[in-house]
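Visitor: The structure under discussion is supplied below as structure tokens; questions concerning it will follow.
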Amino acid sequence: MTISSTTTKNSYSGNGSTTTFAYGFYIPASTDIQVIVRSATGTETVKAEGTGSTNYAITNVGNASGGNIVFVTAPVSGETVVLRRNTAKTQATDYVANDPFPAETHESALDKITIIGQDLQEQVDRSLKLSRTNTMTSTEFTVGSSDRASKILAFDSSGELSVTQELGTVKGNWAASTAYVVRDIVKDTNNNNIYICLTAHTSSGSVPISSNTDVAKWSLLVDAASATTSQTAAASSATAAASSASAASTSASNASTSASTASTQATNASNSASAAATSATNAATSYDNFDDRYLGAKSSDPSNDNDGDSLVTGALYFNTSNNVMMVYTGSAWVRTTPTSSNQTNINTVAADATDIGNVSGSISNVNTVAGSISNVNTTAGSISNVNTVAGAIANVNTTASNITGVNSFADRYRVGSSDPSSSLDEGDLFYNSSDNALKYYNGSAWSSIVADTDVKVLVSSNDSTAGYLNGKLVAGTAITFTENNDGSNETLTINATDPTALAIALG
């Protein structure tokens, strides 16, 4: 038999009903074919010949044009069926001396050698390899498993294989007269900015790199200088919020509303600080995972990472079309540097030296809220309010020391259009704006608080018009009434000068 076809593999898509799949190549034995089912998630399972639910049967073994693989259970939709020849790498032909030449046996042996060669070529075709005009001194690397764990395979400066730790090489502080190569990472000691090398060169001049003659050979990774400028404005925003809380707590005439406002402002300031701390933590984590997330310089937004996999949230790359760093949000690429209008706001806040002086001692708060750049933009538009409360730092400290009492008051007194039904404690106060009534919670229900006024007494249940007690008594002849303590715990004195009958009208 001759081997005229180079086909060694067939691939099909499962649909949940088809069980028979053809293989279009010669196999000497049923063990010389490999049946693989690949799941939608990429998991590959090698099936076995047999009658079980996960097995298959095979037909036309030894036929030059192939045969069929018949599954017991049909592969489902989303699964891929791959049939590949996998000839045993053995030699079973044995020639006997002085026997007639066994042409058929010899041809079968040649056929097996040919198909083994085709099987190996199929594997080579799936391998990474140099082009026919390329050369490499060695395609081997000697780094042991423990030394290459969690690292990447790369090419060194000579184009040879190497195992390296990161996509960029950290070179420490920038220095003059130093030979830098592409992807070297340095720190500018003038402003703590972090740069990555775009063009190999020997450095000259001095820092800052932003004004160095070789600035075009570097790309800014971390803009620490702008972040430092933004810190002061962010701290001023927090101070303004705290000052508002202080003013509210000292306003006795509107204690309930002011206390509520102060509590809200304090909560907002705390939330801003928490968000800023979270941003700082995320930034540190992103830098720690830099080797997995930085995609390098590109002319437009990439849709996949450098390995062809899906983008991860927080991935970075340098856009060479507009010279800005871009970050992936999980659904889109956005720029990481401020817009021109935002930069104007930052400069406005930075120019207010008086307020900066007032909060110069709050550097720990500045570091905490360094990531709240959106708050910086908001504060920049409210600089007049910042100036107004800049001198109220004593009130801020007073409120901070008594914030527990402020929060407690806000919990104990509320205002609304309907009686609250949750977070109730005995003694709580509530002003019902629908009833225009002040109420207290007695432990089971809301009760109205009413003024104690002097009311007229209803002498009997059928008395429809109330009056004072002496208005309900009718004196006889020679009898007089004297009412004492009028309006409060009244008493009535009856004076009679003649024994005449006394009548009392009860309504």
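The values are calculated or read from the model by the stated rules, or taken from the named source; none is laboratory data. Please read these numbers as outputs of a predicted model, since none were measured by experiment. Cβ coordinates were reconstructed from backbone atoms using ideal geometry, including for glycine residues, and neighbour counts include every protein chain displayed. Note: areas computed on protein heavy atoms with side chains; ligands, DNA, RNA excluded. Shrake-Rupley method; radii C 1.70, N 1.55, O 1.52, S 1.80 Å.
Visitor: Return only the number of the condition from (1) among the hydrophobic types (A, V, I, L, M, F, W, C); (2) in a helix (DSSP H, G or I); (3) open to solvent by 50 Å² or more (accessible area, probe 1.4 Å); (4) modelled with pLDDT of 70 or more that A284 does not satisfy.
Guide: (4)
Visitor: Against the definition (in a loop (DSSP other than H, G, I, E, B) and within 25 Å of Q118 (Cα to Cα)), how does G42 come out, yes or no?
Guide: no
Visitor: So S30 ticks every box in (1) open to solvent by 50 Å² or more (accessible area, probe 1.4 Å); (2) modelled with pLDDT of 85 or more but one. Which box is left unticked?
Guide: (1) is the only condition that S30 fails.
Visitor: Here's another thing I want to ask about it. Report, ordered by the first and then the second residue, all pairs with beta carbons closer than 9 Å, sequence separation of six or more or different chains, a first member in segment 175-193 that is at negative phi, and a second member that is open to solvent by 40 Å² or more (accessible area, probe 1.4 Å) and among the basic types (K, R).
Guide: Once the first residue is at negative phi and sits in segment 175-193, its partners that are open to solvent by 40 Å² or more (accessible area, probe 1.4 Å) and among the basic types (K, R) give T178/K171; Y180/K171; Y180/K217; D184/K171; I185/K171; V186/K171; K187/K171; N193/K187.
Visitor: Turning to a different aspect of this structure: Read through the list (1) farther than 22 Å from T114 by Cβ; (2) not in a loop (DSSP other than H, G, I, E, B), then give the number of the only condition that T31 fails.
Guide: The one condition T31 does not meet is (1).
Visitor: Report yes if T93 is open to solvent by less than 60 Å² (accessible area, probe 1.4 Å), assigned to a loop (DSSP other than H, G, I, E, B) and within 15 Å of T7 (Cα to Cα), otherwise no.
Guide: For T93, the condition - open to solvent by less than 60 Å² (accessible area, probe 1.4 Å), assigned to a loop (DSSP other than H, G, I, E, B) and within 15 Å of T7 (Cα to Cα) - is not met.
Visitor: OK, next. Look at A149 and say whether it is touching a residue at least 24 places away in the same chain (Cβ under 8 Å), of a type in the set (A, V, I, L, M, F, W, C) and open to solvent by 40 Å² or more (accessible area, probe 1.4 Å).
Guide: In short, no.
Visitor: Does segment 239-250 include one or more residues that are modelled with pLDDT of 75 or more, part of a loop (DSSP other than H, G, I, E, B) and surrounded by 17 or more Cβ atoms within 10 Å (Cβ to Cβ)?
Guide: No; the residues of segment 239-250 include none that is modelled with pLDDT of 75 or more, part of a loop (DSSP other than H, G, I, E, B) and surrounded by 17 or more Cβ atoms within 10 Å (Cβ to Cβ).
Visitor: Separate question: Taking segment 405-450 as the search range and keeping residues that are outside any loop (DSSP other than H, G, I, E, B) and open to solvent by 80 Å² or more (accessible area, probe 1.4 Å), which one is nearest to S246 (Cα to Cα)?
Guide: Taking the candidates together, the pick is F409.
Visitor: Just to be sure I understand, how many residues within segment 179-231 are open to solvent by 70 Å² or more (accessible area, probe 1.4 Å), among the basic types (K, R) and either over 19 Å from D156 (Cα atoms) or assigned to a strand (DSSP E or B) (or both)?
Guide: The qualifying residues number 1.
Visitor: Which count do you get for residues in segment 152-169 that are open to solvent by 80 Å² or more (accessible area, probe 1.4 Å) and in a strand (DSSP E or B)?
Guide: 2
Visitor: Are any residues in segment 44-77 more than 15 Å from D32 (Cβ to Cβ) and exposed (fewer than 14 other Cβ atoms within 10 Å of the Cβ), and if so, which ones?
Guide: Once the filter is applied, which keeps residues that are more than 15 Å from D32 (Cβ to Cβ) and exposed (fewer than 14 other Cβ atoms within 10 Å of the Cβ), segment 44-77 yields E44, T45, G50, T51, G52, S53, T54, S65, V70, T73, V76, S77.
Visitor: While we're here: Would you call T105 open to solvent by 40 Å² or more (accessible area, probe 1.4 Å), touching a residue at least 60 places away in the same chain (Cβ under 8 Å) and part of a helix (DSSP H, G or I)?
Guide: no
Visitor: Tell me whether segment 137-145 contains one or more residues that are touching a Leu at 6+ places or on another chain (Cβ under 6 Å) and surrounded by 10 or more Cβ atoms within 10 Å (Cβ to Cβ).
Guide: Scanning segment 137-145 turns up at least one residue that is touching a Leu at 6+ places or on another chain (Cβ under 6 Å) and surrounded by 10 or more Cβ atoms within 10 Å (Cβ to Cβ).
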